[in-house]
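Please read the structure below before turning to the comments.
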Protein chains: 2
Amino acid sequence: MFTPQPIGFVRSPYTGTKQIPKGLGTKHEAEGVLEIQPEFEQGLADIEGFSHIFVIWVFDRSQGVELVGTPPFDNRPHGVFATRSPRRPNPIGLTVVELLRREGRMLHVRGVDMLDGTPILDIKPYMSSVPPEKLKRGWLAEAEARGKKEV
Amino acid sequence: MFTPQPIGFVRSPYTGTKQIPKGLGTKHEAEGVLEIQPEFEQGLADIEGFSHIFVIWVFDRSQGVELVGTPPFDNRPHGVFATRSPRRPNPIGLTVVELLRREGRMLHVRGVDMLDGTPILDIKPYMSSVPPEKLKRGWLAEAEARGKKEV
């Protein structure tokens, strides 16, 4: 295996998890900055041509593992690998953000759902999408349907 | 930070990197199995409702870091964070696969581009796509355009 090292840190408007919008159909529109460490700035060459990027990061303020848990926006338990819960065997988060602009080693992005100060492990270009007609969203679609019925 | 631990291993037809299709427009159609360790099987509950999943894994046979490099299918160098190169500060790979079926702790999937025996760090549900009209693919689109002109 390997020893994870932060390539940078997220600057986000969120300082506590309760501030982060959660729930079905949540749109993450918050803007933030991915501040890359000076020694890795070279690795950003040509990133500005991509409209969207993957950010792989660490749930550094999460503790413990819960293999089965109930998300805040459902009343049924699900396996951790079928959710985005922070209580994972490896506390790794993944977010797709829109790249607004690059200023040196600062990437200004839209769509952050991380806490301020979150360590970043990796950035990758987002290259292709699954066509919507081929996408099934499991318990999430079911929970949405139940939610609509209850309204 | 944290100490990465494998939640399972990839069973793939590829035993050497040269066997893995690379290049522009490559479709990864190879089938494989994500074999999850027995102690994490509970975490797979409800995963079968999703058509596509993210697999976060380790480039365990890659060595060293190259902040700027030329991909096999382009003749220009790019920053590592604008490519899927294995020679990254944290040797983490990310692949979207189609979930064909689950048999206990075995996830049969299509679209593997990992070597046989690759350690898996995490699995997450793939929930939404970036609309194609909003997606820009940077140097990759440019390299494709150059490739077509050269043909």
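The values are calculated or read from the model by the stated rules, or taken from the named source; none is laboratory data. Nothing here was measured: the structure is a model prediction, and the numbers come from that model. Every residue, glycine among them, receives a Cβ derived from its backbone with ideal geometry; neighbour counts consider all protein chains shown. For accessibility, only protein heavy atoms count, side chains too; no ligands or nucleic acids. Shrake-Rupley method; radii C 1.70, N 1.55, O 1.52, S 1.80 Å.
Within region B:40-63, take every residue that is more than 7 Å from chain A (Cβ to nearest Cβ) and assigned to a strand (DSSP E or B) and give me the one that is farthest from residue B:5 (Cα to Cα).
First, the residues of region B:40-63 that are more than 7 Å from chain A (Cβ to nearest Cβ): B:41, B:48, B:53, B:55, B:57, B:59-63.
Subsequent filtering for residues that are assigned to a strand (DSSP E or B) retains B:53, B:55, B:57.
Numbers: B:53: 19, B:55: 14, B:57: 10 Å.
That would be B:53.
Taking region B:6-39 only, how many residues are within 13 Å of another protein chain (Cβ to nearest Cβ), in contact (Cβ under 8 Å) with a residue 60 or more places away in the chain and farther than 20 Å from residue A:124 by Cα?
Residues flagged as within 13 Å of another protein chain (Cβ to nearest Cβ), in contact (Cβ under 8 Å) with a residue 60 or more places away in the chain and farther than 20 Å from residue A:124 by Cα within region B:6-39 amount to 8.
Return the total of residues in region A:99-118 being in contact (Cβ under 8 Å) with a residue 12 or more places away in the chain and open to solvent by 10 Å² or more (accessible area, probe 1.4 Å).
13
For residue A:9, indicate whether it is of a type outside the set (S, T, N, Q) and not in a loop (DSSP other than H, G, I, E, B).
Details: of a type outside the set (S, T, N, Q): yes; not in a loop (DSSP other than H, G, I, E, B): yes.
Against the criterion (of a type outside the set (S, T, N, Q) and not in a loop (DSSP other than H, G, I, E, B)), residue A:9 qualifies.
How many residues does region B:53-76 hold that are in contact (Cβ under 8 Å) with a residue 60 or more places away in the chain and among the β-branched types (Val, Ile, Thr)?
Selection size over region B:53-76: 4.
Is it the case that some residue within region B:140-151 is surrounded by 16 or more Cβ atoms within 10 Å (Cβ to Cβ) and in contact with a Pro (Cβ under 6 Å, 6 or more places away or on another chain)?
Among the residues of region B:140-151, not one is surrounded by 16 or more Cβ atoms within 10 Å (Cβ to Cβ) and in contact with a Pro (Cβ under 6 Å, 6 or more places away or on another chain), which makes the answer no.
Confirm whether residue B:55 is surrounded by 15 or more Cβ atoms within 10 Å (Cβ to Cβ) and under 30 Å from residue A:133 (Cβ atoms).
Values: surrounded by 15 or more Cβ atoms within 10 Å (Cβ to Cβ): yes; under 30 Å from residue A:133 (Cβ atoms): yes.
So residue B:55 fits the description; yes.
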